[in-house]
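Take a look at the structure set out below.
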Amino acid sequence: MGALTGELTVRALDASTWDLFEGLAERHNGVWGGCWCVYFHPNCDEKRVSAEGNRLLKERLVREGRAHAALVVDGDEAVAWCQYGTPDELPEIQHRKDYEKALVDLPDWRITCFFVDRRYRRKGTSAVVLQGALDLIAAAGGGVVESYPQDTAGQRTSASFLYNGTRSLFERAGFTYDRPKGKNHCVMRRTVAPA
C-alpha cells in the first residue's frame, strides 16, 4: 500500500465530533472488541460491563469534556484516532507495577491508545494522528507527554497488538526512550511547547 493521498484533516474529539468517532468505532466492532477505548479511563460502574456500556460511558466522558483525542477525518468520516489526557483522566495503564517501580515524576499528558481504520493502515495514518494529538496538547498548554508503545525491535507486528503504536513511530515524532515497561512495551517521553 502506498502513502496517503487526498485531504485528511485533524479534529479534536468533542461533542461536535462524537458522531465521527462513533462511526469509526462502529465500523470496527466497538474498537478492540467493544472496548470503545475506555480501558484507560478511571474505573466506574459502566466500565467493561458490556460494549454498549462502554459506548455510553465514552460518550458521556466526551460530552463532559473528560475524554480527549485527535481524530483524522477523510471527507465525512473519521479514519483514525489517538487518545490523550492527563494522568488523572487516564490513570489505568498496562504493566502499572513495572511502570511505578522506576517512576520519578508523572507526565503532564499521556497518549494511551491509537486506532486506525483498516483501510488506512500501513499508510502513515498513525503519524498523522499522533501529530494531531501533539498539536492539540500544545494548544492546551503543552508539557511533558508520555506514551507506552510496543518496542517491536524492527519486526513487523499485527496491527491488532499495536493499540499504542510502536517505539519507532514515537522516535520519528521526537520522543526519547525512557525505560522498558512490561515484556514488549516501553516508556517514551517528549516535552511539547505551548502553542
Checklist outcome for this item: Any lysines whose Cα falls less than 26 Å from that of residue 101, other than same-chain ones fewer than 8 residues away, would be 181, 183
Checklist entry - How compact and how long is region 68-122, expressed as Rg and Dmax of its alpha-carbon atoms in Å? => result 14.5, 45
Checklist entry - Add -39500 (n - 2.57) for each DSSP H run of 4 or more in the chain, then divide by its residues: what number comes out at 222 nm, to the nearest 500 deg cm²/dmol? => result -7500 deg cm²/dmol
Checklist entry - Using modelled backbone amide H atoms (1.01 Å from N, in-plane), which distant-in-sequence or interchain residues come within less than 5 Å of residue 69's amide H? => result 13, 84
Checklist outcome for this item: In terms of the alpha carbon gyration tensor, root eigenvalues a ≥ b ≥ c, rounded if a/c is under 1.5 and otherwise prolate when a/b exceeds b/c or oblate, region 57-157 is oblate
Item to check | Hydrodynamic radius by Kirkwood, which averages 1/r over all alpha carbon pairs of the chain, in angstrom | outcome: 16.8 Å
Item to check | Amide H within-cut-off set for residue 79, under 5 Å, with H built and near neighbours excluded | outcome: 72, 73, 74
Item to check | Summed side-chain charge close to residue 139 - residues other than residue 139 whose Cβ falls under 14 Å, Lys, Arg +1, Asp, Glu -1 | outcome: -2
Next on the checklist: If I model a spin label at residue 86 and residue 7 as a point 7 Å from the Cα along the Cα→Cβ vector, what separation in nanometres do I get?
Outcome noted: 3.7 nm
Item to check | Unit charges on C-beta of K, R, D, E only; dipole of region 69-195, Debye | outcome: 680 debye
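Any read-out appearing in this document is the output of simple, stated calculations on the displayed coordinates, not a laboratory observation. The structure presented is a predicted model; accordingly, all values stated were derived computationally and were not measured. Here Cβ is always computed from backbone atoms with ideal geometry, including for glycine, and neighbour counts include all displayed protein chains.
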